[in-house]
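Trainee: Handing you this structure, nothing more for now.
The values are calculated or read from the model by the stated rules, or taken from the named source; none is laboratory data. Here the structure is a predicted model, which means the values were calculated and not measured. As a convention, Cβ positions derive from the backbone with ideal geometry for all residues, glycine included, and neighbour counts pool all protein chains shown. The protein model used for the area step is the full one, side chains on, heavy atoms only, and it has no ligands, DNA or RNA in it. Shrake-Rupley method; radii C 1.70, N 1.55, O 1.52, S 1.80 Å.
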Protein chains: 2
Amino acid sequence: MLFSDTGMTDHVMTIRQMCDAFDVTPRTLRFYEAKELLFPRREGQKRLFTRRDRARLKLILRGKRFGFSLEEIRQLLDLYYVGDQQATQLEATLDIARDRLREMERKRDELTAAVDDLRHQMKMVEDMLSSVDTVKDAAE
Amino acid sequence: MLFSDTGMTDHVMTIRQMCDAFDVTPRTLRFYEAKELLFPRREGQKRLFTRRDRARLKLILRGKRFGFSLEEIRQLLDLYYVGDQQATQLEATLDIARDRLREMERKRDELTAAVDDLRHQMKMVEDMLSSVDTVKDAAE
DNA sequence: AGTAACGATGACGTTTACGTAAAGAGAACG
DNA sequence: CGTTCTCTTTACGTAAACGTCATCGTTACT
């Protein structure tokens with residue numbers, strides 16, 4: 001069981017502790033649970049978030065910053081918590097993973113290019129400004 | 001006028017040509033115009049998209065892939081089409097640009113880390129699968 | 001026992017980014 | 001001249017991702 005939690009250090013957290021730790025609202029956490037992105041345990045009524053939930057939430061928030069939808073993120077999350085499944089299932093999972101990886105690499109490369117573009121553009125504006133300053137210096 | 005189109009090569013395009021070229025719907029282009037992301041000229045009723053519009057649309061679609069909102073993209077676009085403004089305005093513009101740049105760099109770095117993570121995760125699954133195959137080979 | 005405080009469960013509201021259908025203007029073709 | 005496109009505006013609809021009540025159930029003081 002390569003990826004299953006043995007739960008040695010399962011320090012659980014309440015919803016409020018989670019909100020403070022990750023800067024999200026309770027609504028968000030309940031929403032993620034409804035969408036099967038998180039699986040907090042229940043103690044009576046109350047939700048208890050495990051280490052696994054925290055790891056998943058971290059990936060969720062990261063994925064969101066990259067512009068992935070929650071549904072895409074859910075698929076990504078499944079890659080990280082495979083558990084003991086059939087090998088055929090795993091092969092399919094790997095295919096999805098390869099797709100996601102390609103997408104992320106493409107995104108990263110585009111982003112790198114965009115950063116360079118923006119840098120270049122800023123440099124032009126900066127040069128323009130400095131020349132204006134020179135003119136102003138000369139005029140004063 | 002460092003960034004203004006002189007319009008030498010202003011081959012204009014109809015909305016349909018734009019849609020085919022960029023794989024978007026007419027609705028999307030009109031929507032972007034309404035949100036002041038594009039400024040097609042008018043010939044009577046009809047919209048005519050210039051080289052400038054095409055450049056902007058390219059940046060819009062790129063920005064969307066990065067997970068920026070249209071409003072954020074609009075601010076970014078303004079950086080690329082400064083025109084002849086006051087230097088004080090440009091300084092403020094540069095500040096925004098620096099913020100955006102930092103955000104994009106942070107995103108790029110996170111994405112790079114995520115790509116590495118995913119690669120690592122996939123390798124583990126692949127190893128697991130190959131060991132399963134070995135067992136299967138031995139059993140057959 | 002009373003009353004905050006925290007958490008749960010609906011259920012309706014909101015924003016973003018368009019989709020989609022209705023109705024009309026204008027060129028083009030047979 | 002009628003019809004067929006392409007384009008227009010107007011307007012209502014929709015999916016995603018939550019926000020925002022309202023209501024109710026438990027602890028937890030005091």
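Trainee: Within the range A:74-94, track down each residue that is open to solvent by 60 Å² or more (accessible area, probe 1.4 Å), at pLDDT below 85, within 29 Å of A:Phe31 (Cβ to Cβ) and assigned to a helix (DSSP H, G or I).
Mentor: A:Asp78, A:Gln89
Trainee: What tally of residues in the range A:31-46 results from selecting those that are within 12 Å of DNA strand D (Cβ to nearest atom), out of contact with any strand residue (DSSP E or B) (no Cβ under 8 Å at 6 or more places or on another chain) and under 17 Å from A:Gln17 (Cα atoms)?
Mentor: The qualifying residues number 5.
Yes or no, residue by residue, for (1) under 27 Å from B:Met104 (Cα atoms); (2) in contact with a Cys (Cβ under 9 Å, 6 or more places away or on another chain); (3) in a helix (DSSP H, G or I):
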position	(1), (2), (3)
A:Thr28	yes, yes, yes
A:Tyr32	yes, no, yes
A:Arg52	no, no, yes
A:Glu72	yes, no, yes
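Trainee: Yes or no: the range B:2-12 includes at least one residue that is facing chain A (nearest Cβ under 10 Å), in a loop (DSSP other than H, G, I, E, B) and either at pLDDT below 90 or surrounded by 14 or more Cβ atoms within 10 Å (Cβ to Cβ) (or both).
Mentor: Yes; the residues of the range B:2-12 include at least one that is facing chain A (nearest Cβ under 10 Å), in a loop (DSSP other than H, G, I, E, B) and either at pLDDT below 90 or surrounded by 14 or more Cβ atoms within 10 Å (Cβ to Cβ) (or both).
Trainee: Mind listing whichever residues of the range B:37-71 are open to solvent by 80 Å² or more (accessible area, probe 1.4 Å) and within 12 Å of DNA strand C (Cβ to nearest atom)?
Mentor: B:Glu43, B:Gln45, B:Lys46, B:Lys64, B:Arg65, B:Glu71
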